[in-house]
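Report on one structure; see the data block that follows.
The values are calculated or read from the model by the stated rules, or taken from the named source; none is laboratory data. The shown structure was predicted, so the numbers you read here are calculated from the model rather than taken from an experiment. Cβ placement follows ideal geometry from the backbone for every residue including glycine, while neighbour counts extend to all protein chains displayed.
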Amino acid sequence: MFNETQIKNIEILKSAAKKAGITNPLSINAFLSIIYKESGFIPQTEKSYRNTPNDRIRRIFAATRNLSDDQLNAIKQNDIQFFDLVYLKNPGLGNKYPGDGYKYRGRGYNQITGRANYEYLSKKLGIDLVNNPDLLNQPEIAARAAAIYFIDRFLNNAGKLKYYNAKNINDFKTIDDAVLAFFHANAGWGKSFEAIKADVTGGLAKAMEISKQISTFIKDNPGKSGIFFIALILLGLFVWLIFFK
């Protein structure tokens with residue numbers, strides 16, 4: 001199902017999530033599902049859109065919808081111009097200077113974007129991501145950043161969480177509600193519930209599908225901590241059979 005690198009990174013992500021305060025198994029599953037949808041459990045920089053069909057670009061980026069095909073074909077050949085077009089003037093991202101859209105394009109496990117997010121995570125992590133944005137692609141740093149990002153996104157957003165029958169990040173009762181909420185948080189709470197459900201990019205459907213596989217994988221692969229716990233039980237049973245039976 002997953003390769004060796006992905007499995008290793010899943011363990012790093014699970015550990016970071018639990019340390020940050022994500023403890024509900026449904027929430028951890030949803031966290032991982034969004035990560036998979038964004039990066040396949042491999043932290044990476046947002047790819048160029050040079051070869052992406054224009055209709056898909058328009059579905060993803062509202063800033064491109066008024067451009068003709070000729071205009072869009074021209075601008076998407078220049079990555080700096082393209083990312084500045086779609087990210088520089090987005091008020092929620094905090095980009096300030098020409099080139100910021102490109103410099104602070106998506107990175108890490110969940111494609112964290114925008115100068116404001118890089119500045120905020122620099123303070124939270126104690127790492128200078130503003131001047132060294134590619135550090136966000138290191139697995140351990142990326143995992144901590146993703147966990148902090150989601151924890152903070154869920155704080156003080158009870159008004160949005162009511163759509164998902166929850167009061168906080170660990171209050172989900174179904175996997176569907178959890179994945180929907182994490183998808184909404186990652187996309188931005190400014191988007192309406194209806195827009196999230198519409199799933200124009202297909203990302204939600206991808207996250208929902210992988211959540212089922214992740215659930216099975218986590219059960220079948222308890223990870224290092226689970227294996228250690230099982231080993232202790234077996235050792236205890238062995239000792240009991242030797243000395244007490």
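Set side by side, the residues 107, 65 differ, and just one is among the charged types (D, E, K, R), touching a residue at least 12 places away in the same chain (Cβ under 8 Å) and closer than 22 Å to residue 189 by Cα, which is 107. State which residue is nearest to the chain's Cα centre (by Cα) when the search covers only region 165-208 and only residues that are over 20 Å from residue 60 (Cα atoms) and either small (Gly, Ala, Ser) or not in a loop (DSSP other than H, G, I, E, B) (or both). Ranking the qualifying residues of region 165-208, first place goes to 178. Scanning region 120-164 for residues that are modelled with pLDDT of 95 or more, surrounded by 14 or more Cβ atoms within 10 Å (Cβ to Cβ) and outside any helix (DSSP H, G or I) gives 127, 129, 130, 138. With respect to the conditions (1) assigned to a loop (DSSP other than H, G, I, E, B); (2) in contact with a helix residue (DSSP H, G or I) (Cβ under 9 Å, 6 or more places away or on another chain), residue 73 falls short on a single one, namely (1). Among the conditions (1) within 24 Å of residue 137 (Cα to Cα); (2) under 22 Å from the mean Cα position of the chain (by Cα), the only one that residue 51 does not satisfy is (2). Assess whether residue 159 counts as being over 20 Å from residue 36 (Cα atoms), without any contact (Cβ under 8 Å) to a residue 12 or more places away in the chain and not basic (Lys, Arg). Judged against the criteria, residue 159 is a match. Taking the listed residues 98, 91, the one that is farther than 16 Å from residue 201 by Cβ, part of a loop (DSSP other than H, G, I, E, B), modelled with pLDDT of 95 or more and of a type outside the set (D, E, K, R) is 98, with no other qualifying. Condition check for residue 26 on (1) in contact (Cβ under 8 Å) with a residue 24 or more places away in the chain; (2) in contact with a Ser or Thr (Cβ under 8 Å, 6 or more places away or on another chain); (3) under 23 Å from residue 114 (Cα atoms): one failure, at (3).
Taking residues in region 2-20 that are closer than 12 Å to residue 217 by Cβ, and partners anywhere that are modelled with pLDDT of 95 or more and in a helix (DSSP H, G or I), the pairs with Cβ atoms closer than 8 Å and at least 6 places apart or on different chains are 2/10; 10/32; 14/28; 14/32. Filtering region 1-54 to residues that are among the basic types (Lys, Arg) and part of a helix (DSSP H, G or I) leaves 8, 14, 18, 19, 37. Exactly one residue out of 39, 33, 48, 27 is small (Gly, Ala, Ser) and surrounded by fewer than 19 Cβ atoms within 10 Å (Cβ to Cβ): that is 48.
So is residue 118 closer than 19 Å to residue 143 by Cα, within 20 Å of the chain's Cα centre (by Cα) and free of Cβ contacts under 8 Å to residues at least 60 places away in the same chain or not? Let's see the steps before the verdict.
Numbers: closer than 19 Å to residue 143 by Cα: yes; within 20 Å of the chain's Cα centre (by Cα): yes; free of Cβ contacts under 8 Å to residues at least 60 places away in the same chain: yes.
Yes, satisfied.
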